[in-house]
Amino acid sequence: MQLTLRKLAPALVVVTLALAGCKTAPTKTSDAASSTPQAGQQSTTPATASTVDFYLAHKEPGAGLREISLPDGKLYMQEVPVLTRADLTDAAALVDRQGQNFVGLRFSEAGARKLNDVSSKNVGNMLALVIDRELVAAPLIGEPLNRGVLAFGVPSAQAASEIAAKIRGDAAVPPAGAAPAAKP
């Protein structure tokens, strides 16, 4: 699998938070990721939704790891994802009190258990977020992530909104400054 690197921030840092003290940046809200289809209803996740996978990544090469070239070095990712979109219930663009932009992720109960298990066994490694075969973030796991939430810094509110929308499976977000589509 060929990956590309989304140019976000020079250094991405993992931040676990209880989401208190953060406010959601202006973005379209969607309950699609957290809604469960009822009998007779179809899933609300669009058929063209982005693929969202989380992989364990390491700083050093090893057996079963795939090398990913980055502008400032290399990253070595496992071949099989440890978490997927199915493990998430929500993604939101967030801003903390200092004005730093984040993408906040909330995991399902089962996803939270997986996140806790994976992070507890891999402190010091990275959790790489890949959306549509594009490496978006690879924050360092600094401690066990046992609250069912994860946030990572991004350089702008626009980037946070775009990434959160892709994770939720919202319709494509137009680039900043793009003209609205003309109506026939």
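The values are calculated or read from the model by the stated rules, or taken from the named source; none is laboratory data. Computed from a prediction, not measured in an experiment: that's the story for all the values here. Counting neighbours? That spans all protein chains shown, and the Cβs are built from the backbone with ideal geometry, glycine included. Accessible surface areas use protein heavy atoms only, side chains included; no ligands, DNA or RNA. Shrake-Rupley method; radii C 1.70, N 1.55, O 1.52, S 1.80 Å.
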Given the conditions (1) free of Cβ contacts under 8 Å to residues at least 24 places away in the same chain; (2) surrounded by 15 or more Cβ atoms within 10 Å (Cβ to Cβ); (3) charged (D, E, K, R), every one holds for R85 apart from (1)
Subset of segment 133-148 (residues that are over 17 Å from A165 (Cβ atoms), assigned to a strand (DSSP E or B) and either under 11 Å from the mean Cα position of the chain (by Cα) or among the small types (G, A, S) (or both)):
L135
Only one of D90, D170 is part of a loop (DSSP other than H, G, I, E, B) and under 22 Å from A49 (Cβ atoms), namely D170
Here are some residues: A159, A164. Which one is within 14 Å of the chain's Cα centre (by Cα), surrounded by fewer than 22 Cβ atoms within 10 Å (Cβ to Cβ) and in a helix (DSSP H, G or I)?
A159
Any residue at all in segment 125-132 that is open to solvent by 50 Å² or more (accessible area, probe 1.4 Å), part of a loop (DSSP other than H, G, I, E, B), under 19 Å from P61 (Cβ atoms) and of a type outside the set (A, V, I, L, M)?
no
Segment 88-119, residues that are in contact with a Leu (Cβ under 8 Å, 6 or more places away or on another chain) and open to solvent by 40 Å² or more (accessible area, probe 1.4 Å)
D90, R106, K114, N116
